[in-house]
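The values are calculated or read from the model by the stated rules, or taken from the named source; none is laboratory data. Owing to the predicted nature of the structure, the values given are computational and were not obtained by experimental measurement. Quick reminder, even Gly has a Cβ in these numbers, built from the backbone with ideal geometry, and neighbours come from all protein chains shown.
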Amino acid sequence: MIEEYGDEWGNKPMFHYRWFYEPDQVSAAERLARSLMPGVDPSSGSEMIKGRMIPRLKLVGSSVETKDQIEGSFKRQLAILEEHLAHRKYLLGGRPAFGDFGLYAQLYQCSSDPTPGAIIKTTSPHVLSWIDRMLDPKREGEFEMWDALRSTLMPLLKEEIGGTFFPWTAANARALAAGQKEFSMQLRGKPYSQETQKYHAKSLAALRARYAGVADKRALDPILTEAGCLEFLQQ
């Protein structure tokens, strides 16, 4: 679930910050132009990239109306991870897991942009260290048991995955099934809308299949229930 959240929801703040604010637009466009268009004048290449990418903000649901929800999720995620990673190398203990890779990739990109990078550097030093560690991840120990992880990991499951990601991806799947090109919903008490996305629905179906494939759910279901995730996985 953490990997899926990082992949499917975590790209929203990354893409939002990168192409919503002018300093980030300029920084990203210049870097991309230098790396992808070496034979093109940098200023022309930057303008071409901005012209292509900024209009795509709507595809991830980024707008003036939704910026507070997306940025609030980003800052909430950082605050939770900062406490959780203060006492361990990786999300689940001493070795990286799928969740580390799903989350880190988006946050690494955020750390390279002016606006979200400044937020990470000033508020989340443990997260920044973890991002650096994930550039060359190593097995430095074993996975921890749930009882050791629960106090600081449950907030991520409850606030971000159960409270933000699952309601959004479930609404997208319902809208896609109904043939709608866009969908609107109440997300954390505020209106949110974006275009429907086929891949999000496909990945949600894969996650539900993974849950259905767990033979003995006696230890898993109480955790998912507390996190507000179970209802979305059983649909």
Checklist entry - among the basic types (Lys, Arg) and farther than 26 Å from ARG31 by Cα: does that describe ARG188? => result yes
Checklist outcome for this item: Scanning the range 44-60 residue by residue, the ones that are under 23 Å from PHE165 (Cα atoms) and more than 13 Å from the chain's Cα centre (by Cα) total 4
Next on the checklist: Could you check the range 165-211 and list, in sequence order, the residues that are in contact with a Gly (Cβ under 7 Å, 6 or more places away or on another chain), of a type in the set (Phe, Trp, Tyr) and either surrounded by fewer than 15 Cβ atoms within 10 Å (Cβ to Cβ) or assigned to a loop (DSSP other than H, G, I, E, B) (or both)?
Outcome noted: none
Checklist entry - Can you tell me which residues in the range 208-223 are touching a Phe, Trp or Tyr at 6+ places or on another chain (Cβ under 9 Å) and either touching a residue at least 60 places away in the same chain (Cβ under 8 Å) or over 19 Å from ALA173 (Cβ atoms) (or both)? => result LYS217, ALA219, LEU220, ILE223
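Checking the conditions here, which among LEU128, LEU153 is surrounded by 18 or more Cβ atoms within 10 Å (Cβ to Cβ), closer than 26 Å to PHE232 by Cβ and either at pLDDT below 95 or among the aliphatic types (A, V, I, L, M) (or both)?
Values: LEU128 fails: closer than 26 Å to PHE232 by Cβ.
Testing whether each residue is surrounded by 18 or more Cβ atoms within 10 Å (Cβ to Cβ), closer than 26 Å to PHE232 by Cβ and either at pLDDT below 95 or among the aliphatic types (A, V, I, L, M) (or both) leaves just LEU153.
Does LEU36 satisfy being over 23 Å from SER193 (Cα atoms) and surrounded by 22 or more Cβ atoms within 10 Å (Cβ to Cβ)? Steps first, please.
Values: over 23 Å from SER193 (Cα atoms): yes; surrounded by 22 or more Cβ atoms within 10 Å (Cβ to Cβ): no.
Against the criterion (over 23 Å from SER193 (Cα atoms) and surrounded by 22 or more Cβ atoms within 10 Å (Cβ to Cβ)), LEU36 does not qualify.
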Item to check | Long-range neighbours under 8 Å by Cβ, at least six apart or interchain, first residue in contact (Cβ under 8 Å) with a residue 40 or more places away in the chain and within 22 Å of TYR108 (Cα to Cα) within the range 17-46, second among the aromatic types (Phe, Trp, Tyr) and assigned to a helix (DSSP H, G or I) | outcome: TYR17/PHE74; ASP24/TYR17; ALA28/TRP19
Checklist entry - Quick check, is ARG188 among the charged types (D, E, K, R) and at pLDDT below 95? => result yes
Next on the checklist: Of the residues TYR108, TYR5, TYR90, TYR21, only one is modelled with pLDDT of 95 or more, touching a Lys or Arg at 6+ places or on another chain (Cβ under 9 Å) and surrounded by 15 or more Cβ atoms within 10 Å (Cβ to Cβ); which?
Outcome noted: TYR90
Item to check | Evaluation of PRO96 against (1) surrounded by 20 or more Cβ atoms within 10 Å (Cβ to Cβ); (2) assigned to a helix (DSSP H, G or I); (3) not small (Gly, Ala, Ser) (one fails), failing number | outcome: (2)
Item to check | Top-ranked residue of the range 100-133 - restricted to ones that are in contact (Cβ under 8 Å) with a residue 40 or more places away in the chain and touching a Cys at 6+ places or on another chain (Cβ under 9 Å), ranked as nearest to ALA86 (Cα to Cα) | outcome: ILE120
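Give the residue, chosen from GLU226, GLU160, that is part of a helix (DSSP H, G or I), crowded, with 16+ Cβ neighbours inside 10 Å and among the acidic types (Asp, Glu). Walk me through how you get there before you give the answer.
Values: GLU226 fails: crowded, with 16+ Cβ neighbours inside 10 Å.
That would be GLU160, the only listed residue that is part of a helix (DSSP H, G or I), crowded, with 16+ Cβ neighbours inside 10 Å and among the acidic types (Asp, Glu).
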